[in-house]
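*Asks:* The structure's right below; bear with me while I get my questions together.
The values are calculated or read from the model by the stated rules, or taken from the named source; none is laboratory data. Computed from a prediction, not measured in an experiment: that's the story for all the values here. Neighbour counts run over all protein chains shown; Cβ positions are idealised from the backbone, glycine included. What goes into the accessible areas is simple: the full protein's heavy atoms, side chains included, and nothing from ligands, DNA or RNA. Shrake-Rupley method; radii C 1.70, N 1.55, O 1.52, S 1.80 Å.
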Amino acid sequence: MLSDIEIANAAELRPIAQVAQDELGIDPAHLVPYGHHKAKVDLGFLESLQDRPLGKLVLMTAMSPTPAGEGKTTTTVGLADALRGLGLTTMACLREPSMGPVFGMKGGAAGGGWAQVVPMSDINLHFTGDFAAIAAANNLLAALIDNHIHHGNALGIDVRSVDWKRVVDLNDRALRDVTVGLGGPANGYPREEGFDIVVASELMAIFCLTESWADLKRRIGDIVVAHTRDKRPITARDLEAAGAMAVLLRDALAPNLVQTLEHTPAFVHGGPFANIAHGCSSVVATRAALRLADYVVTEAGFGADLGAEKFVDIKCRKSGLRPDAAVVVATVRALKFHGGVAAADLHVEDLDAVERGMENLARHLRNVREVYGIPCVVALNRFPTDTDAEVARVVELVGELGVQAHPATHFVDGGVGATDLAKGVLDLIETSGPSTFSFTYPDGLPLKEKAETIAHRLYGASSVTWDGKARRRLDRLEADGYGGLPVCVAKTQYSFSTDPASLGAPTGHDLHVREVRLSAGAGFVVLVCGDVMTMPGLPAVPAASRIDLLDDGTIVGLS
């Protein structure tokens, strides 16, 4: 089979203006083209759609990720293509990939095989410049902070308290901790600093939760960048930074329209981390898609304990959006990995390991159905090494839990390979009855109890413990009036616990919080657990070593 990039390079794309007109009824006058195959949709046009009814929203999530890969983005694309193949007006809503993972270990995030969004190379690299705009706005604020301190520090900022970091959209471990302002008085006041990757910036989370330019400016103004010596918060508004930062983000806020290999329209817009932030594409794109299409398939990052929880407790809570159904992606390989099989042996049939690994998928299904109250099906993303006996056993075991599992082969067959899955989703929406959607915790709980509720209800943890500094920070945020915000737990994606090696469905473990961060503009409090980092490093053999430019201008090696 051809590689992902070979399939994408050989694809016959339709002009994006034609896709917009024929599939969504958008006149070319409402597009801002970025070449022939990608465009932004004008925000003024999207505002004119406010009286249209919303379509059905399908949330794509998954069991806990494994090194074998589950194919959540690929399944999102495959399902969207399958729904369109059934004659339904359909859109996909995805996050924009960060170039850090593209050149690092994970690779791109445009799907794979015959279920991709294209132009794949553009989407995985600079795309329409949204991430560059976010980086520029983020770094403008950093520059204004240091400039204010240099020119007399009228606000009385305690230099030791500045926690707004600069960002770059690459994995670069050497930038995690740096010192700025060296070289004498002309270069500013020396202080310790650091860089995050762009997708970890609070500004990225703000960008994906806002719904208008006015709301964007308000949220930017609310960002807390430092404190005075008497602990008074200093905001971007205090530094008179919000207007200039919003200017840099003005054009980026319009959603990016592309297409799948089968010409299903897709919004690819925004890309916050799925642990340090909420891991979902923008609210602007999601709501616009729901007004343009009958069915919208959107994706939340990592497993249902992280991405889906944040989709529910942050994105839905802030926006009022409600999913009509969820799809939980599973693979035979992932089940065997959670059942104790080494990655090198996942190609060997092992029904006992499949059964052992079901405890991980079962907990995710319980959380989606009973905690979030979202009806769901399982998409069994089939790999060539899966045996018929293994696939049949998964379908049987999932059925015993009261959920339908639909094997799908969209990676090799495109949308037609997900037709049964699409029919299962449609049937679920048709028969699921009144919505039982609910948040994991109510707004009124104190921050500490919100963390405990997530740990107990979703992770199976027995307790939540805190570093002393983290607990003091939590108490301070409560005292400063931030106790009503939702919490965003930043932990490993590979386990329900904070130990990535603890597979399956562990119980009785402790959720230990080592750091508490305020994202006042985005509107949540981050609880950092375990070894989560906001500036990843490159592996020993990075993906960049396989990426190349041929003499004719063709990009190869992307995955």
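*Asks:* Got the relative contact order for segment 224-348 handy, in percent, Cα pairs under 8 Å and 6 or more residues apart?
*Replies:* The value is 13 percent.
*Asks:* Roughly to the nearest percent, how much of the accessible area of segment 24-140 is carbon and sulfur, given a 1.4 Å probe?
*Replies:* 56
*Asks:* For T465 and A10, compute 0.36 nm times the residue count separating them, minus their Cα-Cα distance, and round to one decimal in nm.
*Replies:* Residue separation times 0.36 nm, minus the Cα-Cα distance, leaves 158.5 nm.
*Asks:* What residues qualify as long-range amide H neighbours of L155, i.e. H under 5 Å apart, gap of 5 or more or another chain, H built at 1.01 Å from N?
*Replies:* Under 5 Å from the amide H of L155: no residue qualifies.
*Asks:* What full-extension length gain, to one decimal in nm, is calculated for D230 and V416 as 0.36 nm per residue of separation minus the Cα-Cα distance?
*Replies:* 60.7 nm
*Asks:* Against the longest alpha carbon principal axis of the chain, how many degrees, from 0 to 90 and to the nearest 10, is the axis of helix 283-292 turned?
*Replies:* 40
*Asks:* Still on this structure, I have one more. Separation between the I429 and L445 pseudo-spin-labels, each 7 Å from Cα along Cα→Cβ, expressed in nm?
*Replies:* The answer from the label model is 3.1 nm.
*Asks:* Share of segment 184-240's accessible area from carbon and sulfur, percent, 1.4 Å?
*Replies:* 51
*Asks:* Calculate for the chain the 222 nm mean residue ellipticity that helices alone would give, adding -39,500 (n - 2.57) per DSSP H run of length 4 or more and normalising by residue count, nearest 500 deg cm²/dmol.
*Replies:* Helices in the chain give a 222 nm mean residue ellipticity of -9000 deg cm²/dmol.
*Asks:* Can you send over the carbon and sulfur percentage of the accessible area for segment 440-559, probe radius 1.4 Å, protein chains only?
*Replies:* 52
*Asks:* On to the next question. For segment 405-559, what is the charge dipole size about the Cα centre, in debye to the nearest 20, if Lys and Arg each add +1 at the Cβ and Asp and Glu each add -1 at the Cβ?
*Replies:* About 700 debye.
*Asks:* Then there's this: Could you compute the net charge surrounding F337? Neighbours are other residues with a C-beta less than 12 Å from the C-beta of F337; K and R count +1, D and E count -1.
*Replies:* 0
*Asks:* May I ask you to give the average projected area over all directions of the convex hull of the Cα atoms of segment 293-363, in nm² rounded to one decimal?
*Replies:* Over every viewing direction, the Cα hull of segment 293-363 projects on average to 6.1 nm².
*Asks:* Name the shape class, rounded, prolate or oblate, that the alpha-carbon gyration tensor gives for segment 389-429, where a ≥ b ≥ c are the square roots of its eigenvalues, rounded holds for a/c under 1.5, and otherwise prolate holds if a/b is larger than b/c and oblate otherwise.
*Replies:* oblate
*Asks:* Lys/Arg Cβ at +1, Asp/Glu Cβ at -1, dipole of segment 124-188 taken about the Cα centre: which of A143, G188, L170 is farthest positive-ward?
*Replies:* Looking along the dipole axis, the top candidate is G188.
*Asks:* I've got another one for you. Provide the FRET efficiency to the nearest 0.05 for the A342-V541 pair, computing r from the beta carbons and using R0 = 30 Å.
*Replies:* Computed FRET efficiency for A342 and V541: 0.90.
*Asks:* Calculate how steeply helix 130-150 sits against the longest principal axis of the alpha-carbon atoms of the chain, using the helix alpha-carbon long axis, and give the answer as 0 to 90 degrees to the nearest 10.
*Replies:* For helix 130-150, the angle is close to 20 degrees.
*Asks:* Still on this structure, I have one more. Using +1 on the beta carbon of Lys and Arg, -1 on that of Asp and Glu, and nothing else charged, what's the dipole of the chain about the Cα centre, debye to 20?
*Replies:* With only Lys, Arg, Asp and Glu charged at Cβ, the dipole is about 1680 debye.
*Asks:* Between the helical axis of 419-431 and the dominant principal axis of the chain, each derived from Cα atoms, what acute angle in degrees is found, rounded to the nearest 10?
*Replies:* 70
*Asks:* For Kirkwood radius over Cα pairs in Å, the listed values are (1) 23.9; (2) 23.3; (3) 27.2; which was obtained by calculation from the structure presented?
*Replies:* Only one option fits the structure, namely (1).
*Asks:* What percent do you get for the relative contact order of the chain when only Cα pairs under 8 Å and 6+ apart count?
*Replies:* That works out to 20 percent.
*Asks:* So, one more: Over the chain, average the accessible area per residue using a 1.4 Å probe and give it in Å², no decimals.
*Replies:* Result: 38 Å² of accessible area for each residue.
*Asks:* On a 21 Å Cα-Cα criterion, which of the cross-link pairs K315/K423; K310/K450; K469/K491; K165/K448; K165/K217; K165/K231 come out too long?
*Replies:* K315/K423; K165/K448
*Asks:* Between T507 and R52, what's the calculated FRET efficiency when r is the beta-carbon distance and R0 is 41 Å? Round to 0.05.
*Replies:* 0.35
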